[in-house]
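J.: Here's a structure for you.
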Amino acid sequence: MTEEQKKYEETEQAGAQADAAVEEKTTTDNGEALKAENEKLKQDLLYIQAEAQNTRRRLEKEKKDAVAYSVTGFARDLLSVADNMERALAAIPEEIKKDEKIQSLVTGIEMTGKELANVLQRHGVKRVEAIGAKLDPNLHQAMVEIESDEPEGTVVQQMQAGYTLHDRLLRPAMVAVAKAKSGETKPA
């Protein structure tokens with residue numbers, strides 16, 4: 001073999017090695033790019049799955065709330081009926097309640113009022129306890145302040161009952177709140 005042939009073969013080998021190195025580098029670069037793209041796609045998929053799960057949960061909660069609170073308007077309308085039943089019973093003097101001719105009518109009104117209260121309660125409508133409780137602006141609407149021996153801010157009188165539907169306020173209780181007698185201050 002001549003010198004020129006040896007140089008030619010060495011040059012050929014060096015070129016082949018360079019081509020192989022370039023091809024390997026390109027393959028490695030492509031592999032790295034593919035791995036990075038794969039990781040990005042995995043992250044995107046995780047975000048999409050999380051968003052879908054959040055949407056599903058939100059829709060389930062909205063559906064549950066829609067079912068639970070769908071009777072809100074109807075329940076508010078029935079509260080005026082319940083109020084009128086209570087007023088009707090309170091308006092009957094005790095002497096008349098004891099009269100045997102009227103007693104069955106009074107008993108019927110009382111039973112109707114109790115049945116209405118039971119129906120409301122079965123559907124999640126509950127009466128707000130007010131008298132003796134500390135004024136809670138989330139449940140009570142203070143109408144007047146009355147001088148009282150009770151601690152300031154205590155509900156001492158109820159003008160109209162308040163109601164909740166499940167955990168939401170349907171109607172606030174209209175109340176009178178205790179205030180200290182003139183010249184006194186009572187801690188709450």
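The values are calculated or read from the model by the stated rules, or taken from the named source; none is laboratory data. Quick caveat: nothing in here was measured; it's all calculated off a predicted structure. Please note: Cβ atoms are built from the backbone with ideal geometry, for glycine as well, and neighbour counts cover all protein chains shown. These accessible areas exclude ligands, DNA and RNA; they are computed on the full protein's heavy atoms, side chains included. Shrake-Rupley method; radii C 1.70, N 1.55, O 1.52, S 1.80 Å.
J.: Keeping to region 78-99, report how many residues are open to solvent by 70 Å² or more (accessible area, probe 1.4 Å) and either out of contact with any helix residue (DSSP H, G or I) (no Cβ under 8 Å at 6 or more places or on another chain) or of a type in the set (Gly, Ala, Ser) (or both).
T.: Residues flagged as open to solvent by 70 Å² or more (accessible area, probe 1.4 Å) and either out of contact with any helix residue (DSSP H, G or I) (no Cβ under 8 Å at 6 or more places or on another chain) or of a type in the set (Gly, Ala, Ser) (or both) within region 78-99 amount to 7.
J.: Working only within region 138-168, note down all residues that are part of a strand (DSSP E or B) and either open to solvent by 90 Å² or more (accessible area, probe 1.4 Å) or charged (D, E, K, R) (or both). Give the derivation first.
T.: Here is the first cut: in region 138-168, the ones part of a strand (DSSP E or B) are 140-147, 154-160, 162-165, 168.
Met143, Glu145, Glu147, Met159, Arg168, listed by residue number.
J.: Out of the residues in region 67-77 that are assigned to a helix (DSSP H, G or I) and of a type in the set (A, V, I, L, M, F, W, C), which is least open to solvent (accessible area, probe 1.4 Å)?
T.: Step one: filter region 67-77 for residues assigned to a helix (DSSP H, G or I), giving 67-68, 72-77.
Add one more test, that the residue is of a type in the set (A, V, I, L, M, F, W, C), and what stays is 67-68, 74-75.
On the way: Val67: 103, Ala68: 29, Phe74: 136, Ala75: 5 Å².
Ranking the qualifying residues of region 67-77, first place goes to Ala75.
J.: In region 53-84, which residues are of a type outside the set (Ser, Thr, Tyr) and within 15 Å of the chain's Cα centre (by Cα)?
T.: Arg57, Arg58, Leu59, Glu60, Lys61, Glu62, Lys63, Lys64, Asp65, Ala66, Val67, Ala68
J.: Just a yes or no: is a residue in region 169-185 open to solvent by 90 Å² or more (accessible area, probe 1.4 Å) and under 20 Å from Arg87 (Cα atoms)?
T.: The answer is no; no qualifying residue exists.
J.: Further, regarding this structure: Quick one: in region 82-98, of everything that is among the acidic types (Asp, Glu) and touching a residue at least 24 places away in the same chain (Cβ under 8 Å), which residue is nearest to Arg171 (Cα to Cα)? Break it down stepwise before answering.
T.: Step one: of region 82-98, the residues among the acidic types (Asp, Glu) are 83, 86, 94-95.
Filter again for touching a residue at least 24 places away in the same chain (Cβ under 8 Å), leaving 83, 86.
Numbers: Asp83: 12, Glu86: 16 Å.
Of everything passing the filter in region 82-98, Asp83 is nearest to Arg171 (Cα to Cα).
J.: Answer yes or no as to whether Leu105 is under 25 Å from Asp65 (Cβ atoms) and out of contact with any Cys (no Cβ under 9 Å at 6 or more places or on another chain).
T.: no
Okay, residues lined up against (1) assigned to a loop (DSSP other than H, G, I, E, B); (2) under 18 Å from Leu165 (Cβ atoms); (3) within 24 Å of the chain's Cα centre (by Cα); (4) not aromatic (Phe, Trp, Tyr):
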residue: Lys101; (1), (2), (3), (4): no, no, no, yes
residue: Ile109; (1), (2), (3), (4): no, no, no, yes
residue: Glu115; (1), (2), (3), (4): no, no, no, yes
residue: Ile131; (1), (2), (3), (4): yes, no, no, yes
residue: Asp136; (1), (2), (3), (4): yes, yes, yes, yes
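J.: Going through Lys64, Lys42, Lys25, Lys7 one at a time, which residue ends up being modelled with pLDDT under 95, in a helix (DSSP H, G or I) and within 30 Å of Val125 (Cα to Cα)?
T.: Details: Lys42 fails: within 30 Å of Val125 (Cα to Cα); Lys25 fails: within 30 Å of Val125 (Cα to Cα); Lys7 fails: within 30 Å of Val125 (Cα to Cα).
On inspection, the qualifying residue turns out to be Lys64.
J.: Pick out the one residue from Glu32, Glu37 that is open to solvent by 90 Å² or more (accessible area, probe 1.4 Å) and either modelled with pLDDT of 90 or more or under 30 Å from His166 (Cβ atoms) (or both).
T.: Residue meeting the stated conditions: Glu37.
J.: Determine the pairs where a residue that is over 15 Å from Glu86 (Cβ atoms) and at pLDDT below 90, located within region 99-112, has a partner that is of a type outside the set (Ser, Thr, Tyr) and open to solvent by 70 Å² or more (accessible area, probe 1.4 Å) with Cβ atoms under 6 Å apart, the partner being 6 or more residues away or on another chain.
T.: Ile102/Ile96
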